[in-house]
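Enquirer: The structure is given below, and queries will be raised subsequently.
Quick note: the coordinates plus some simple rules give every number you see, no bench work behind them. All values reported here derive from a predicted model rather than from experimental measurement. Glycine also receives a Cβ, built like all others from the backbone with ideal geometry; neighbour counts cover every protein chain displayed.
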Amino acid sequence: MHALEIDRVTVRFRDGEGWTNALTDVSLDLAPGEFLAVTGPSGSGKSTLLAVAGMLLTPTEGTVRLAGRDVTEADAKTRTDLRRGGIGFVFQQPHLLASLTALEQLLMVARLDGDRSKEAEQHARDLLAQIGLGPVLHKRPSQLSGGQQQRVGIARALMGDPKLLLVDEPTSALDHERGVAIIDLLRTLTEERGLGTLVVTHDLGTLGPNDEVVRLVDGKLAMPEAAH
Ligand code: ADP
Ligand code: MG
């Protein structure tokens, strides 16, 4: 079963007097353990695609399925429940809270769900250790590098044990070497955890030679291109 299926999705926005198509007839599937990079120029529909995949936006036409379930018409409560249990989001900037340590950033996710258990804390410690942040558990964002902060954001996205990871421009605030390391980490986590991972990036140089890449141009999927 696919983690995500986007089937002939069109998203149309009102634009002054007329309408703009942010996405036109886009279809793609993501299997568990599959890492897919989405590239394309600014304004080509990349963030809109992530918003549709994350049920933050209902498409004008087409169907979205999560783990085989049609969620296109799901109501707000169902969407929230499915997002909480099934989807992790990673953004360009991790938006960490300045006063909280790395560990506390993750614990906050569990606490917002009413979970103050020892198990949740152990889960957070394990995730941070897996991501190489074991030694800096108790540091605050100002004491962490940009790459370490982005890793905290990735660990936080995994707190709910998602099956789908949606990542928007994770390397754009990082230097090349740290960007490559973040992409490597996302690829490894995808394999180890059987995630379906969709990574939007215009930074093809951070991808590996075997990464699967699709390209959006004016809201349409264009011919795939090789990384490098
Ligand atoms: P990208 O992430 O590739 O830069 P976006 O998905 O943000 O592209 O935007 C795709 C197109 O849709 C752009 O033309 C943008 O102006 C338009 N668009 C995106 N969101 C909205 C919105 N909420 N209202 C109107 N137009 C939008
Ligand atoms: Mg964008």
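Enquirer: Have a look at Thr201, Thr190, Thr80 and tell me which one the Gaussian network model of the chain (Cα, springs below 10 Å) gives the largest fluctuation.
Expert: Taking springs between Cα atoms under 10 Å, the residue moving most is Thr80.
Enquirer: If you don't mind, another one. Which value, in debye to the nearest 20, gives the size of the charge dipole of the chain about its Cα centre, when Lys and Arg are +1 and Asp and Glu are -1 at the Cβ? Let's see the in-between values first.
Expert: Numbers: 24 positive and 31 negative charges, 145 e Å.
It works out to roughly 700 debye.
Enquirer: For the chain, what D do you get in µm² per second when you plug the Kirkwood radius from alpha-carbon pairs into Stokes-Einstein at 4 °C and 1.567 mPa s?
Expert: Values: Rh = 18.1 Å.
Translational diffusion coefficient: 71 µm²/s.
Enquirer: Packing-wise, with mean Cβ within 10 Å as the measure, how do 46-54, 127-135 rank, highest first?
Expert: Ranking the peptides 46-54, 127-135 by packing returns 46-54, 127-135.
Enquirer: Taking amide H atoms as placed 1.01 Å from N in the peptide plane, list the residues 5 or more away in sequence, or in a different chain, whose amide H sits under 5 Å from that of Thr72.
Expert: Excluding prolines and chain starts, which carry no amide H, the hits are Val64.
Enquirer: Hey, another quick one. Under 10 Å, Cα contacts only: if you run a Gaussian network model on the chain, which one of Leu112, Leu97, Leu30 comes out with the highest mean-square fluctuation?
Expert: Of Leu112, Leu97, Leu30, the most mobile in the Gaussian network model is Leu112.
Enquirer: Further, regarding this structure: Using θ = phi - 60° and the Karplus curve 6.51 cos²θ - 1.76 cosθ + 1.60, what whole-Hz ³J(HN,Hα) does each residue of the range 124-140 get, with Gly and Pro shown as x?
Expert: So the J values, rounded to whole Hz, are 5, 4, 4, 4, 5, 5, 4, 8, x, 10, x, x, 10, 3, 9, 8, 8.
Enquirer: Continuing with the same structure: Nearest 5 percent is fine: what portion of the DSSP beta bridges confined to the chain is antiparallel? Before the final figure, lay out each step's value.
Expert: Details: 19 of 36 bridges.
Given both bridge residues lie in the chain, the antiparallel proportion sits at roughly 55 percent.
Enquirer: Looking at the chain as a GNM with Cα springs under 10 Å, which of Phe35, Phe91, Phe13 has the largest mean-square fluctuation?
Expert: Looking only at Phe35, Phe91, Phe13, the largest GNM fluctuation is found for Phe13.
Enquirer: From the C-alpha coordinates alone, can you work out the Kirkwood hydrodynamic radius of the range 87-159, in Å?
Expert: Computed over Cα pairs of the range 87-159, the Kirkwood hydrodynamic radius comes out at 11.9 Å.
Enquirer: With θ set to phi - 60° and the Karplus curve 6.51 cos²θ - 1.76 cosθ + 1.60, what are the ³J(HN,Hα) couplings of the range 149-159 in order, to the nearest whole Hz, using x for Gly and Pro?
Expert: Running phi through 6.51 cos²θ - 1.76 cosθ + 1.60 with θ = phi - 60° gives 5, 5, 5, 4, x, 5, 4, 4, 5, 8, 4 Hz.
Enquirer: Considering amide H positions built from the backbone, and no H for Pro or chain starts, which residues 5 or more places from Val90, or on another chain, come under 5 Å of its amide H?
Expert: Result for Val90 returns Leu166, Val167, Asp168.
Enquirer: Whole-Hz Karplus ³J(HN,Hα) for the range 212-221, in order, using 6.51 cos²θ - 1.76 cosθ + 1.60 and θ = phi - 60°, x for Gly and Pro?
Expert: 7, 10, 10, 10, 9, 9, 6, x, 10, 6
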